[in-house]
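The block underneath contains the structure these notes are about, expressed in structure tokens.
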Amino acid sequence: MNYKPDESTLIAYLYGELNEKEAKKLEAYFQQHPDELASLRKLGDVRESMSHAQDKEVIAPPVFVDDAGVRPLWQSPYIRVSIGIAASILFLLTAGKLLGPEIKYSEGELRISFGKKSEQPTQSAGLSEEKINELISTSLAKNNESIAASRTEDQRKLMQTLVDFNSKKMDALTKTVSQASQEQVRSFVSNLQDQNLKLMKDYFQLSAADQKKYMENMLVDFSNYLQEQRKQDLQFVQAKVNSLEKNNNQFKQETEQILTSLISNPGKKKNNY
Amino acid sequence: MAETLLDIAMMHSDSLIARAREGDKNAQGKLVQLWYKRIYNFSYKFFFDHDLAMEVSQKTFISMHKNLVGLQEVTRFKSWLYTIAVNYCREEARKKKASRSFSLHDLNPGEGEESYRWEESHHRNENPERQLRHSELSDLLQACLMELSHEQREVVIMKEYEGLKFREIAEALNISENTVKSRMYYGLDGLKKILEQKKITKETIGYEL
């Protein structure tokens, strides 16, 4: 018997996938060759040993897959992005229409406003410096004119008031005077004269007393002065006399010395010559 | 491998696939829920890396969603889905080979309670220590699996853990059934040698557990 099973047949037998005819043929062969059967059983042992390798437990994660093949055109990324942008612009336009936003940038000021513009007066844009100066000067001139007019008016009113007041006072005085009687006027004048006379008298009396006192003082002072002067003159004369007397005595002594000298040395010649 | 309600639902999901193919979002979502764990675990066993497995799983289902309309036969959905997963696994493997990045866990996995696997092992109503031993054994076997070539690993995972028939694997990998069986044979033979090297046998596994 030349039958020798190949590896495929042996493996098919090991896994029970060999047909009945082939299996019987192989079993007959194993009876003839028990070593081959033992060898195959060892492979069976390997299977048994390897069967202890356990399965790992795992939970299937959710798998999200996009339908790339059947995706309609309007779902493609490009179209969706475009539609998104268009929708955003439309939304902004609608919101703009409804809210009426106004974005303004002028002179470093960014202003975003919604709804109707407020009625508060706003400065007209574009005013130049010259125009502003002109407006200021015009305003100042008007202000000055107004102040001057007001002042003139006030002065006029003040003068009018004063005049009215004085005239009223004078009128009242005149009226008072006109109402006074002749007797009263005379009495008043005489009284006034008496007062003046008394005043003059007092003045002259006071003046005469002062002058008398002054003259007396002046005479006393003058006599004192004369006395003092005389005293000084006498002292001066005395001093002069004393001086003269002293000089005279000195002259007298010198003369005596000379005479004495002449007398004591009458015949001697001077040897010095 | 004991069949769960999920497995039964997966086996009888032809009408669901048909509805999903017609654009039923609800059906597509259910398909993801049904198949996510299988594709994740296939990718995880292929890379032994959670992040890469998540990446491949998400890409696989995104691709499934986009290309489900082009699926001709509903009955070939399973192999078709694994085809997508395998292609993404190969793509990620190429990227990984180019970048040569390592997980911090790979650099210092720790031992016992210091291992990051200790925290992962704490499931409710289970013995944490027993769960830790299972987890460590699973990682050890996974490490053995990683020593196989890509071609053998793909086939071994699909057959041994995903329960595909040789015909379905051949369809998924677009190779002949004989090639699949041959890769499977040499893959198991390679694993036998690797397990022997690491002194892992049925008996030692039974003792450990």
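Readers should treat all values here as calculations from the given coordinates under stated rules, not as data from a laboratory. All values derive from a computational prediction rather than experimental measurement. With ideal geometry, Cβ positions are generated from the backbone for all residues, glycine too; neighbour counts draw on all protein chains shown.
Shown for chain A are the DSSP H helices of 20 Å or more along their axis, judged by Cα atoms, with a mean Kyte-Doolittle hydropathy of at least -0.5: A:77-99. Remark: A:Glu57, B:Glu162 ranked as A:Glu57, B:Glu162, counting other beta-carbon atoms within 10 Å and listing the fewest first. Magnitude of the charge dipole for chain A, about its Cα centre and with charges confined to Cβ atoms of Lys, Arg (+1) and Asp, Glu (-1), is about 3000 debye.
For chain A, relative contact order (Cα pairs under 8 Å, six or more residues apart, normalised by length) works out to 5 percent. Of the residues B:Gln131, B:Ser149, B:Thr201, the one whose Cα sits farthest toward the positive end of the charge dipole of segment B:115-209, with +1 on the Cβ of Lys and Arg and -1 on the Cβ of Asp and Glu, is B:Thr201. Between rounded, prolate and oblate, where does chain A land on the alpha carbon gyration tensor, with a ≥ b ≥ c its root eigenvalues, rounded for a/c under 1.5, else prolate if a/b exceeds b/c? Taking the square roots of the gyration eigenvalues as a ≥ b ≥ c, chain A is oblate. Which of A:Leu219, A:Phe188, A:Ile136 sits closest to the plus end of the dipole of chain A, meaning its Cα is farthest towards the positive end, when Lys and Arg get +1 and Asp and Glu get -1 on the C-beta? It is A:Leu219. Distance between the 7 Å Cα→Cβ label points at B:Ser176 and A:Lys169: 15.4 nm. Which parts of segment B:28-53 would a label at B:Lys95 reach, counting a residue when its backbone N lies under 13 Å from a point 7 Å out along Cα-to-Cβ? What the label zone holds, given the 13 Å backbone N cut-off, is B:51-53. Highest mean packing first, where packing is the average number of other Cβ atoms within 10 Å per residue, the peptides A:3-14, B:178-189 line up as B:178-189, A:3-14. Ordering A:Val177, A:Leu206, A:Val163 by the projection of their Cα atoms onto the charge dipole of segment A:139-269, which places +1 on the Cβ of Lys and Arg and -1 on the Cβ of Asp and Glu, puts A:Leu206 at the extreme positive end.
For segment B:122-198, the relative contact order is 29 percent, taking Cα pairs closer than 8 Å that sit 6 or more residues apart in sequence and dividing their mean separation by the residue count.
Within the listed set A:Phe188, A:Phe236, A:Phe30, the residue fluctuating most in the Gaussian network model of chain A (springs between alpha-carbon atoms under 10 angstrom) is A:Phe30. Largest GNM mean-square fluctuation among A:Leu127, A:Leu18, A:Leu98, using chain A with Cα springs under 10 Å: A:Leu18. Per residue, chain A reaches -26000 deg cm²/dmol at 222 nm when only DSSP H runs of four or more residues are counted, each adding -39500 (n - 2.57).
When +1 charges are put on Lys and Arg Cβ atoms and -1 charges on Asp and Glu Cβ atoms, the dipole computed for segment B:115-209 relative to its Cα centre reaches about 260 debye.
What trypsin sites (Lys or Arg not before Pro) does segment B:62-103 have in DSSP loop regions with at most 14 other beta carbons within 10 Å? Of the trypsin sites (Lys or Arg not before Pro), the ones in loops of segment B:62-103 whose Cβ has at most 14 other Cβ atoms within 10 Å are B:Arg100.
Among A:Lys240, A:Lys131, A:Lys21, the residue with the largest mean-square fluctuation in a Gaussian network model of chain A, with springs joining Cα atoms closer than 10 Å, is A:Lys21. Only Cα sites of segment A:73-114 enter the Debye sum here, all with the same form factor; the resulting log10 I(q)/I(0) across q = 0.28 1/Å is -0.88, listed in q order. Rounded to the nearest 20, the Cβ-based charge dipole of segment A:110-230 about its Cα centre (Lys and Arg +1, Asp and Glu -1) stands at 500 debye.
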